[in-house]
Amino acid sequence: MRRAALALATLWLVGCSGAEPPESSLEVAKRGIHGAALSADGRLAAVGSLTHGGSLWNLESGERRFNWSHEPEAGSAITALGFAPDGATVITAEGSTVVLWDTAKGKALRYFEAPSPVLAAALSRDGGLGLLGLEDGTAALFDARAGGIKRRFTHAGAVVAVALDASGRHAMTGSADGSARLWDTLSGAQLQRWDYRAEVRVVALSDDGQRAFSTARYEHAVIRDTGSGQPIAELPAYSTRIIRGETWSAARFSADGSRLLCGTVDGRVMLWEAGSARLIGSWQLPRRSAWKAAGNRVVAVGFAEAGPVVASGDGFIHRLRLPSAR
């Protein structure tokens, strides 16, 4: 275990004019990660490493608390992860195998077999409901305690992004079919549909289910009212970046839904007022190597008491300082 609180701005390239570097960084995987999830309070990180399976980290102490694998004595290629909002449980997926973990004891609570390879995963507040985005073009809502699929939400392409509100009453899905959809988990009804011209890669729901975020490659990102389906705000972006497909890769609302934290495929992080799309702060993540253009893709974002926390694909968890704190 190594804690790396580095003066990274002097060692690596910073490519976004006016953006700030991270305040500190913690190395959680030497070769990079498949995916990551951050707890709602920003204190824990669950990581799927490229080389040594899954792990749970305490971000306050920098300690790797548990190593997780779906099979004994084998390093699982965990690609989809999600925390319950209370931080007590984590869901991980490797292929079609899904495991629910206890974050206090590090023990596996339950194993599931999904009907198709899992591309995205989310949990409700108490870890009672899970939502899986599947390669077969469906999203499966399942009972995370007793097992069994409760509902399946159907798309015409692979479901690559999913979100649940805190209560689990509303689900959101993003698909390769170019649509983002909002669902009622009790009735199974489709409440809203928003169409794009490309795969919808990122979706987010506020905890109260009243605001939704979605974006597709080559297109702008939009915050919407889930009741009316109408746009609240559109995030401004450089048109040249959108044309190149350098778009958002992660997003999350603050607990009260008033702010939206977003990350991009080229290591930029931005914090917005959700009601107006006013930019509050911006940061540029360093690269592990100044000679490699890729690697610092933002794979997860979250809110800690001191400021935003983000995970990058090259194996670091970064802490960011809010502008007001300087």
The answer for segment 94-185, accessible area per residue at 1.4 Å probe in Å², is 36
Grab the chain and count how many Lys pairs have their alpha-carbon atoms under 26 Å apart, sequence gap of 8 or more, or different chains. 4
Residue-wise, which Karplus ³J(HN,Hα) couplings in Hz belong to segment 36-53, taking 6.51 cos²θ - 1.76 cosθ + 1.60, θ = phi - 60°, and x for glycine or proline? 7, 9, 10, 5, 4, 8, x, 8, 10, 9, 10, 10, x, 6, 5, 10, 10, x
Long-range amide H partners of THR264 with built H, under 5 Å: SER249, VAL298
Cα-based shape type of the chain, given that a ≥ b ≥ c are square roots of the gyration tensor eigenvalues and the cut on a/c is 1.5: oblate
Environment charge of GLY157, counting only residues whose C-beta is closer than 11 Å and scoring Lys/Arg +1, Asp/Glu -1: -4
What list of ³J(HN,Hα) values in whole Hz, one per residue of segment 60-67 in order, does the Karplus curve 6.51 cos²θ - 1.76 cosθ + 1.60 (θ = phi - 60°) give from phi, with Gly and Pro shown as x? 6, 9, x, 8, 7, 7, 9, 9
What does the net charge come to around LEU271 if you take all other residues with beta carbon closer than 13 Å to its beta carbon, with K and R at +1 and D and E at -1? +3
Output the relative contact order of the chain, whole-number percent, from Cα pairs under 8 angstrom with separation of 6+ residues. 15
Mean separation of Cα contacts under 8 Å (at least 6 apart) over the residue count of segment 91-192, i.e. the relative contact order in percent, is 18
Accessible surface of segment 73-161 [probe 1.4 Å, protein heavy atoms]: carbon and sulfur percent: 48
Would you kindly derive the ³J(HN,Hα) couplings of segment 223-234 from the backbone phi angles with the Karplus curve 6.51 cos²θ - 1.76 cosθ + 1.60 (θ = phi - 60°), listing them in order in whole Hz, with x for Gly and Pro? 9, 10, 7, 6, x, 8, x, 8, x, 9, 7, 10
What are the residues whose amide H is under 5 Å from the amide H of ALA233, where those residues sit 5 or more places off or on another chain and H is modelled from the backbone? ILE223
ARG110's amide H: which non-local residues (gap 5+, or another chain) put their own amide H closer than 5 Å, with H modeled 1.01 Å from N in plane and none for Pro or chain starts? LEU100
When only C-alpha pairs under 8 Å and at least 6 residues apart count, what is the relative contact order of segment 29-123, in percent? 22
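The values are calculated or read from the model by the stated rules, or taken from the named source; none is laboratory data. All values reported here derive from a predicted model rather than from experimental measurement. Methodologically, a virtual Cβ is constructed for each residue, glycine included, from the backbone with ideal geometry; neighbour enumeration extends over all protein chains shown. These accessible areas exclude ligands, DNA and RNA; they are computed on the full protein's heavy atoms, side chains included. Shrake-Rupley method; radii C 1.70, N 1.55, O 1.52, S 1.80 Å.
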